[in-house]
Amino acid sequence: MSENTQAVLESTPSKAEEYGASSIQILEGLEAVRKRPGMYIGDTSDGTGLHHLVFEVLDNSIDEALAGFCTEIHVTIHADNSISITDNGRGIPTGVKMDDKHEPKRSATEIALTELHAGGKFNQNSYKVSGGLHGVGVSCVNALSKLLRVTVRQKGKIHQLEFSRGVPMDRIIEVVDGVEVSPMKVLGDTDKRGTEVHFWADEEIFTHVEFHYEILSKRIRELSFLNNGVNIKLSDQRTGKEEIFAFEGGTRGFVEYINKAKAVLHPTVFQATGDRQSDQGTNISVDVSMQWNDSYNEQVLCFTNNIPQRDGGTHLTGLRAAMTRVINKYIDENEFAKKAKVEISGDDMREGLTCVLSVKVPEPKFSSQTKDKLVSSEVRGPVEEIVAKTLTDFLNEKPNDAKIICGKIVEAARAREAARKARDLTRRKGVMDGLGLSSKLADCQERDPALAELYIVEGDSAGGSAKQGRDRKFQAILPLRGKVLNVEKARFEKMLSSEQITTLIATLGTSIGPDEFNVDKLRYHRIIIMTDADVDGAHIRTLLLTLFYRQMPQLVERGHIYIAQPPLYKVKAGRDERYLKDDVEEASYMMNFALNTAALVPQDGAEPISGDALAGLVRQYNLANAIMMRLTRLIDRAALSAIMTGVTLDMTTLDNAEATAQAMAKTINDPAVKVLVRTDDLSGKHALRIERMHHGNVQVTSIDADFVDSADYATLASSAATFQGLMGEGALVRRGEGERMKEFAVRDFHGAMGWLREEAERGVSKQRYKGLGEMNPEQLWETTMDPTVRRLLKVQIEDAIAADQIFTTLMGDEVEPRRNFIESNALQAGNIDV
């Protein structure tokens, strides 16, 4: 068991309500899951189903927290792309169910992991509310994993089971009172409790099995806000990235988090909470928070028992009904609309609204297993009642806030009317329906949108090359001159007065606006943004992405938006010509070219290292260097260099930590650098504190026990072991054959790599492209437009809240958040024109 797992299990809640094998109820089998996985966990090709596996297991841990039995959860993405979820809840029941119809009688844990609709969620004495009603969660994960290991710490023992594609491995058979039973393996004793599920997704089921940190962090952030008192730790051993989610404030805190980069109109977040009995007699808990900002976009997040509903449902219907009724009444009583001579609609009320709506419902009903829409009819009434009463009191008790909110709504109504007039005008001109297609559009012959693609290119120069180089059968070209309007700062009517935007709308054929946009009328199912590889090109690309994200989000959600990846380099070595995408690919090509006919003699009399052996050393060296470059923002570079020269980190005891500090200080050998040991009073863990004096200021970085356990440290330590002592007296590197062979004496591996790179540069001619206009039509086709060889980036939103904050920060009116963002991320910036 890892130290991380131990740490998660340290804190154990004290509640002890009976939760044993009798709590698990079997409803039916699991045979269909592998045949039709999409019915249970969503799409298996685009990543949604893959990440749904994690959420199903995570929801079980959250259900334990909802029931009051869990305070710590740890989600780990391992280096091999497996996932483990550990909690300190009661643990899945481990006892053998003697009423099991299966022979031999199985443990409750095995039943929960191998039977569809088996679990404690169907027993209301075990869980009052739960997100896992369908009961297929962890059993689906088991069926769709090539390997799954469940470890349960319960009643002083460590129990474990392993499965392969849903089938138990190494089953234990015993006879009890003449009956065959199959208990769990007992690994030893423990004073902890909880469940750990570690699984490897099955490549036979999923197109890709690489988990995305951003998708997981988005969901964990939601769960943290909605479940106060639960600490959720997310660790990615592939990159060393780690976050602890322990947000407070519930839905109110969630709204404040979403709005933190926006200019809010009223300081007080409206919150309505309460419990109501539905007409059916079930108890429904409601928690909703709202706050308006100065943007033009509505952002409403809906949850039922912590499960998100992207399509809303009856709880959202109740919320909107209450808002419309109460706000309309308040506006009429105070004659806001009458004075402004406008009519208010529900859309006006929701412009600039940020809202988080959470309900807790026993046995909720959803439209599908993916739970994207709540269909429980009994929920609407309680939500509408609680919101209506609390919102009425809020408007009456806070007249200043109410006046600001109503002013925003009236302004939205005015803008909607102005936009309608502008839309009517553009429609009469034939712009919105495609009758006024730009003369600059070079359309394609294909009329099936699924087969047609549109390249949006920067300027007439690139447009000319693209028009000549394209395949006119299915590729259309639309050149855009100048900068596109920043729609983050513009109202709808101003947007419709922009020539570039109306040209683009007409070309796409979808129209625009909440009432007019129709994604089914899209004329091209692949929209490719192709701009130069410079700052201006990046700016235009960002402006177009802002337009699509804010005004046509369905195009992004349905996967219609792509970014072309034109090559940055053309290299030629002898008769070999090729295009290279970016600096990383260029560096890889140059190193491979340098290693051709190269050999390293590490010391006098040693056998030369060449071929695959030398290439392996180079890969290890480059990986360690890349890790060091990334970590220098967090750890003093001299300390990292000391690790690379062989200093071993040991923080297990205070004596070992102090010995490590002394060894590191001796290796660094710099009077401006001090290496000290610090001990955390709460956890008792030891860490190194590195203090560097620089121009009178002390720069402080640290190395803690978590870093010692990380994949990054393991890689650096492995590289140190490989290269320590490798080079000695008489070391040299050579390249070439026969009379053309050159040799160079070196002191270390770094010097050998530098000399090989210099030699390679002499044998290669390189051309760096800055603009698409620098390529002739043939080059543009064979590098960027030929479907058989081109590279495209598909635009996807993995974390909508993070994406919203980025667009607001970088494209909005507020200067301070943008300055802070630039200062915080300056060291990570690349592709800067100086």
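Brief remarks follow.
- If only residues of the range 260-305 that are buried (at least 22 other Cβ atoms within 10 Å of the Cβ) and modelled with pLDDT under 90 are counted, the one that is nearest to residue 514 (Cα to Cα) is 295.
- Any hit, the range 632-645, residues being among the β-branched types (Val, Ile, Thr), in contact (Cβ under 8 Å) with a residue 12 or more places away in the chain and out of contact with any Ser or Thr (no Cβ under 7 Å at 6 or more places or on another chain): yes
- The range 488-514 residues that are not assigned by TED's automatic domain parsing to the domain that holds residue 806, paired with ones that are surrounded by fewer than 20 Cβ atoms within 10 Å (Cβ to Cβ) (beta carbon under 9 Å, 6 or more apart): none
- Qualifying positions in the range 258-273 - more than 13 Å from residue 355 (Cβ to Cβ) and not in a strand (DSSP E or B): 260, 261, 262, 263, 265, 266, 267, 268
- Identity of the residue in the range 702-726, under 18 Å from residue 239 (Cβ atoms) and in a loop (DSSP other than H, G, I, E, B), that ends up farthest from the chain's Cα centre (by Cα): 704
- Of all residues in the range 639-660, those being at pLDDT 90 or above, crowded, with 20+ Cβ neighbours inside 10 Å and either in contact with a Lys or Arg (Cβ under 8 Å, 6 or more places away or on another chain) or in a helix (DSSP H, G or I) (or both) number 6.
- Checked against the criterion of being at pLDDT 90 or above and not β-branched (Val, Ile, Thr), the candidates 709, 786 yield just one match: 786.
- Restricting the range 72-93 to residues that are of a type in the set (S, T, N, Q) and modelled with pLDDT of 90 or more, the residue that is farthest from residue 110 (Cα to Cα): 76
- From 341, 360, residue being surrounded by fewer than 18 Cβ atoms within 10 Å (Cβ to Cβ) and over 25 Å from the mean Cα position of the chain (by Cα): 341
Table: residues versus (1) modelled with pLDDT of 85 or more; (2) surrounded by 17 or more Cβ atoms within 10 Å (Cβ to Cβ); (3) under 24 Å from residue 567 (Cα atoms); (4) of a type in the set (A, V, I, L, M).
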{"site": "453", "(1), (2), (3), (4)": "yes, yes, yes, no"}
{"site": "458", "(1), (2), (3), (4)": "no, yes, yes, no"}
{"site": "462", "(1), (2), (3), (4)": "no, yes, yes, yes"}
{"site": "467", "(1), (2), (3), (4)": "yes, yes, yes, no"}
{"site": "479", "(1), (2), (3), (4)": "yes, yes, yes, no"}
{"site": "482", "(1), (2), (3), (4)": "no, no, yes, no"}
{"site": "500", "(1), (2), (3), (4)": "yes, yes, no, no"}
{"site": "521", "(1), (2), (3), (4)": "yes, no, no, no"}
{"site": "531", "(1), (2), (3), (4)": "yes, yes, yes, no"}
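- Single match in 470, 541 (criterion: of a type outside the set (Val, Ile, Thr) and within 18 Å of residue 770 (Cα to Cα)): 541
- Residues that are small (Gly, Ala, Ser) and assigned to a strand (DSSP E or B) were ranked within the range 282-340; the one that is nearest to residue 400 (Cα to Cα) is 289.
- Residue list for the range 240-257, filter: part of a loop (DSSP other than H, G, I, E, B) and without any contact (Cβ under 8 Å) to a residue 40 or more places away in the chain: 246, 247, 248, 249
- Answer from 248, 243, 256 - the residue that is at pLDDT 90 or above and surrounded by fewer than 19 Cβ atoms within 10 Å (Cβ to Cβ): 256
- Residue check: residue 354 meets all listed conditions (1) closer than 23 Å to residue 419 by Cα; (2) assigned to a loop (DSSP other than H, G, I, E, B) but one, namely (2).
- A Cβ distance below 7 Å, combined with a sequence gap of six or more or placement on separate chains, defines the contacts here; from the range 224-239, residues that are without any contact (Cβ under 8 Å) to a residue 40 or more places away in the chain reach residues that are of a type in the set (A, V, I, L, M) and surrounded by fewer than 21 Cβ atoms within 10 Å (Cβ to Cβ) in the pairs 224/246.
- Tally, over the range 151-189, of residues that are under 19 Å from residue 103 (Cβ atoms) and basic (Lys, Arg): 1
- The residue of the range 661-687 that is nearest to the chain's Cα centre (by Cα), among those that are polar (S, T, N, Q) and at pLDDT below 90, is 683.
- Qualifying residue in the range 105-121 (condition: surrounded by fewer than 24 Cβ atoms within 10 Å (Cβ to Cβ), at pLDDT 90 or above and either within 30 Å of residue 283 (Cβ to Cβ) or within 28 Å of the chain's Cα centre (by Cα) (or both)): no
- Looking at 623, 600, just one residue is closer than 17 Å to residue 735 by Cα and either in the same structural domain as residue 789 (by TED's automatic domain parsing) or not in a loop (DSSP other than H, G, I, E, B) (or both), and that residue is 600.
- The criterion of being within 34 Å of the chain's Cα centre (by Cα) and modelled with pLDDT under 90 does not hold for residue 448.
- Odd one out for residue 730, checked against (1) in a loop (DSSP other than H, G, I, E, B); (2) touching a strand residue (DSSP E or B) at 6+ places or on another chain (Cβ under 8 Å); (3) without any contact (Cβ under 8 Å) to a residue 60 or more places away in the chain: (3)
- Selected residue (criterion: surrounded by the most Cβ atoms within 10 Å (Cβ to Cβ)) from residues of the range 663-682 that are touching a residue at least 12 places away in the same chain (Cβ under 8 Å) and not in a strand (DSSP E or B): 664
- Single unsatisfied condition, residue 560 versus (1) over 30 Å from residue 766 (Cβ atoms); (2) of a type outside the set (Ser, Thr, Tyr); (3) surrounded by 18 or more Cβ atoms within 10 Å (Cβ to Cβ); (4) out of contact with any Lys or Arg (no Cβ under 9 Å at 6 or more places or on another chain): (4)
- None of 363, 384 is of a type in the set (Asp, Glu), in a loop (DSSP other than H, G, I, E, B) and in the same structural domain as residue 345 (by TED's automatic domain parsing) except 363.
The values are calculated or read from the model by the stated rules, or taken from the named source; none is laboratory data. For clarity, every value in this text was computed on a predicted model and none was experimentally measured. We place every Cβ from the backbone using ideal geometry, glycine too, and count neighbours over all the protein chains shown.
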